[in-house]
Amino acid sequence: MAILSKVLLNKITIGVLGLAGTFEGYNLFKPPEDSLGFMRRKVAEQVCSKAVGDLPAKPGVRNVAVAAIQGDETGFVTAQLRDRIGASGKYEVIEQSFFQKLLREFGREEAPVLTLADAVALGRKLGVDAVIFGTIPEYALKEQGATVRLELRMAERESGNAIFAKSYMENLGGGLASPSHWRARMADSSKGRRIFVWVCFALLLPLITAPLIRRIAAEESNAFNLAMLVAYTLVDILIAFALTGFWIPTLWTAGILLLALAASAYYNYRIATVIEELAH
């Protein structure tokens with residue numbers, strides 16, 4: 001630890017860590033170039049995730065086609081549904097290129113399916129067990145946030161009935177500084193970058209505030225020293241929590257935060273001890 005402390009207290013090391021942390025921090029925290037587009041994508045991902053999670057795994061239905069969703073001007077929601085349904089393992093999804101090829105052979109472009117009868121007819125033409133279709137009645141995008149409403153249905157070819165029908169609405173609002181937007185930004189960022197930024201911050205905080213540590217240590221008060229260590233550690237953990245988006249979605253995240261707490265407390269104690277020793 002003594003060797004490591006000497007390395008960390010070196011001005012060159014502090015400068016390199018500072019530059020690296022600043023560069024990565026800027027890339028992490030800078031506003032997205034297309035902030036409205038970011039919110040639009042994230043709210044669409046949220047609604048698609050919920051919808052796919054609700055789809056029933058019906059016996060006898062193995063493969064499905066996902067028709068273009070009406071109101072999905074960019075095709076992003078339709079693509080998200082296809083990808084997420086395939087990844088869920090509930091059904092085999094016809095690949096988009098093959099789907100479009102079949103539609104061209106039948107003399108129709110990939111147009112939204114609007115009725116149950118049309119969905120059943122399409123399923124029989126394609127030879128799939130079911131067709132997933134729907135509409136987006138609302139996809140509002142404002143400076144304050146984004147809202148999407150999705151009405152999704154699933155038609156079974158054999159019975160000709162709708163075996164699933166549900167409406168969804170998701171909001172991502174409050175602007176760039178809102179908790180929901182910040183959480184989405186962090187979830188969309190690199191975990192490695194977030195960890196690196198935190199490590200740089202935690203290492204540098206006591207180093208660049210060494211004069212303050214020396215001043216408090218000079219008081220020779222155990223209470224002051226303890227308060228200082230608790231304060232430094234709390235700041236580190238607050239930054240770590242901010243980098244999770246101010247939420248703990250998994251046990252893995254909780255474990256990382258606990259590890260950060262232990263590492264921060266130990267490091268702050270050791271580096272403060274070294275700074276105090278060098279002052280004497």
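The values are calculated or read from the model by the stated rules, or taken from the named source; none is laboratory data. None of these values were measured; they are calculated from a predicted model. Using ideal geometry, Cβ is built from the backbone for each residue, glycine included, and neighbour counts are taken over all protein chains shown.
Remark: pairs (first residue in the stretch 225-242, free of Cβ contacts under 8 Å to residues at least 24 places away in the same chain and in the same structural domain as residue 275 (by TED's automatic domain parsing); second residue among the aliphatic types (A, V, I, L, M) and part of a helix (DSSP H, G or I); Cβ separation under 7 Å; 6+ apart in sequence or on different chains) = 241/257. Would the stretch 21-31 turn up any residue that is modelled with pLDDT of 80 or more and exposed (fewer than 14 other Cβ atoms within 10 Å of the Cβ)? Scanning the stretch 21-31 turns up at least one residue that is modelled with pLDDT of 80 or more and exposed (fewer than 14 other Cβ atoms within 10 Å of the Cβ).
Of all residues being over 16 Å from residue 139 (Cα atoms) and basic (Lys, Arg) in the stretch 34-81, which is modelled with the highest pLDDT? Just the residue, please. Restricting to residues being over 16 Å from residue 139 (Cα atoms) and basic (Lys, Arg), the top hit is 50. Entry remark, the stretch 223-280: residues being outside any loop (DSSP other than H, G, I, E, B), at pLDDT below 90, buried (at least 19 other Cβ atoms within 10 Å of the Cβ) and of a type in the set (Gly, Ala, Ser) number 1 in total.
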